[in-house]
Amino acid sequence: MSKIYTAWRRDLLAIHGLLDSLGDRPPEDKQLFRAEVMQVAEALNLVRRSGMLRFTKARGARARILEYLKRYVGEAISGDELEVVAGIHEYPRRIRELRVQEGYVIVTGVTREELKPDEYVLESESPNAEERERWRLANRIRRLPGSEKDRMLKLLQEMVGKPVSGDQLQYVSKGKEMRRVRELRTEQGWRVSTRLTGQPHLPVGWYLLESLDQAPQHDRSIKPGVYDSVLERDGHACRRCGWTVAKKREGAKRQYIELHHMEHHKDGGPNNRENLVTLCNICHDEAHRAKVMGFELLEWLGRKSPGE
Ligand SMILES: [Zn+2]
Ligand SMILES: [Zn+2]
């Protein structure tokens with residue numbers, strides 16, 4: 001155990017004992033009570049400031065945070081540690097500045113599920129111009145009026161066809177829950193994909209808007225868990241022609257993977273796994289034109305030979 005830690009621990013325990021006894025002061029000791037509270041505040045401040053002074057010559061909370069993160073590239077660093085090296089409570093704002101103004105790739109538990117919400121990982125020692133542009137865009141959109149969902153959609157639309165991180169979506173929505181992104185797909189039919197829904201090459205926690213068109217009404221309102229499990233069962237491929245997004249070509253007719261109801265939803269067909277099949281957008285249109293349903297549809301799926 002380090003000397004510094006032993007000394008601090010002794011002092012902190014003394015402060016702790018003092019705090020415990022403060023609650024028992026009779027009310028007539030008003031002024032004394034306040035004086036002691038102020039002394040405790042000073043003691044806490046000393047602890048915080050000594051934490052930041054010893055570790056580096058870097059000036060300013062942001063520079064100290066960066067220097068600390070750079071020493072541990074790729075490792076999860078807790079908010080508590082950053083608070084100590086920064087010497088301030090508002091370290092999340094400095095993290096944001098490192099992303100927006102300098103382009104450092106710093107991820108959190110929003111993007112990486114193995115991280116806790118209050119953990120940060122610096123992904124590489126040098127900043128990245130593309131990342132900086134992405135954060136600048138997010139920063140502009142964050143200030144726009146409208147609901148958090150509107151701003152998330154706006155960011156995805158500006159980045160159409162390109163991946164967007166959960167951290168950036170959470171930033172523009174000012175911390176609102178990420179399930180809102182899924183609602184964009186399930187309620188409004190925006191084709192937002194993840195690694196589980198048609199874009200297997202995306203990292204966990206990243207999203208991609210496939211196009212500026214919304215999916216047809218009958219494709220919406222499918223619960224995310226059901227949506228994911230149908231795609232998984234069908235191997236993310238069209239059940240008629242075998243197409244997957246990996247085969248997607250600029251300007252080609254086949255662009256999306258969609259779900260189709262074997263018994264149509266408007267005729268009472270349920271939104272469950274048994275009643276849904278994966279189709280590409282072209283075969284999907286054909287299925288609706290051919291008006292095949294139920295077992296007839298299953299037979300129709302098998303009639304086309306794989307290709308295109
Ligand atoms: Zn197809
Ligand atoms: Zn359909």
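The values are calculated or read from the model by the stated rules, or taken from the named source; none is laboratory data. Small disclaimer: the values here were computed from a predicted structure and weren't measured. Here Cβ is always computed from backbone atoms with ideal geometry, including for glycine, and neighbour counts include all displayed protein chains. The accessibility values were calculated without ligands, DNA or RNA, using every heavy atom of the protein model including side chains. Shrake-Rupley method; radii C 1.70, N 1.55, O 1.52, S 1.80 Å.
Numerical summary
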quantity	calculated
Total residues in the range 90-107, condition touching an Asp or Glu at 6+ places or on another chain (Cβ under 6 Å) and part of a loop (DSSP other than H, G, I, E, B)	2
Yes/no for Glu183 being in a helix (DSSP H, G or I), at pLDDT 85 or above, away from ligand 1 (no atom under 16 Å from the Cβ) and over 30 Å from Leu122 (Cβ atoms)	no
Number of the exception - Lys266 against (1) at pLDDT below 90; (2) in contact with a His (Cβ under 8 Å, 6 or more places away or on another chain); (3) crowded, with 17+ Cβ neighbours inside 10 Å	(3)
From the options Arg273, Arg254, residue that is basic (Lys, Arg), on the phi < 0 side of the Ramachandran plot and within 13 Å of ligand 1 (Cβ to nearest atom)	Arg254
Qualifying residue in the range 34-49 (condition: under 21 Å from Leu98 (Cβ atoms), surrounded by 14 or more Cβ atoms within 10 Å (Cβ to Cβ) and at pLDDT below 75)	yes
Enumerated strands (runs of 3 or more DSSP E) restricted to the range 197-308, each holding at least 2 residues that are more than 15 Å from ligand 2 (Cβ to nearest atom)	206-214
Residue selected from the range 167-188 under the condition buried (at least 18 other Cβ atoms within 10 Å of the Cβ) and touching a strand residue (DSSP E or B) at 6+ places or on another chain (Cβ under 7 Å), by the criterion nearest to His236 (Cα to Cα)	Arg185
Selection from the range 201-227 of residues that are more than 16 Å from ligand 1 (Cβ to nearest atom), surrounded by 15 or more Cβ atoms within 10 Å (Cβ to Cβ) and not charged (D, E, K, R)	Leu202, Gly205, Trp206, Tyr207, Leu208, Leu209, His218, Ile222, Pro224, Val226, Tyr227
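Residue-wise test of (1) more than 14 Å from the chain's Cα centre (by Cα); (2) open to solvent by 40 Å² or more (accessible area, probe 1.4 Å); (3) closer than 25 Å to Val204 by Cα.
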| position | (1), (2), (3) |
| --- | --- |
| Gly74 | yes, yes, yes |
| Ile77 | yes, no, yes |
| Val85 | yes, no, no |
| Glu90 | yes, yes, no |
| Leu98 | yes, no, yes |
| Val105 | no, no, yes |
| Gly109 | no, no, yes |
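Each row is one residue, and each column tells you yes or no for (1) touching an Asp or Glu at 6+ places or on another chain (Cβ under 9 Å); (2) basic (Lys, Arg); (3) part of a helix (DSSP H, G or I).
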position	(1), (2), (3)
Ser124	no, no, no
Glu133	no, no, yes
Pro145	no, no, no
Leu155	no, no, yes
Val160	yes, no, no
Tyr171	no, no, yes
Lys174	yes, yes, no
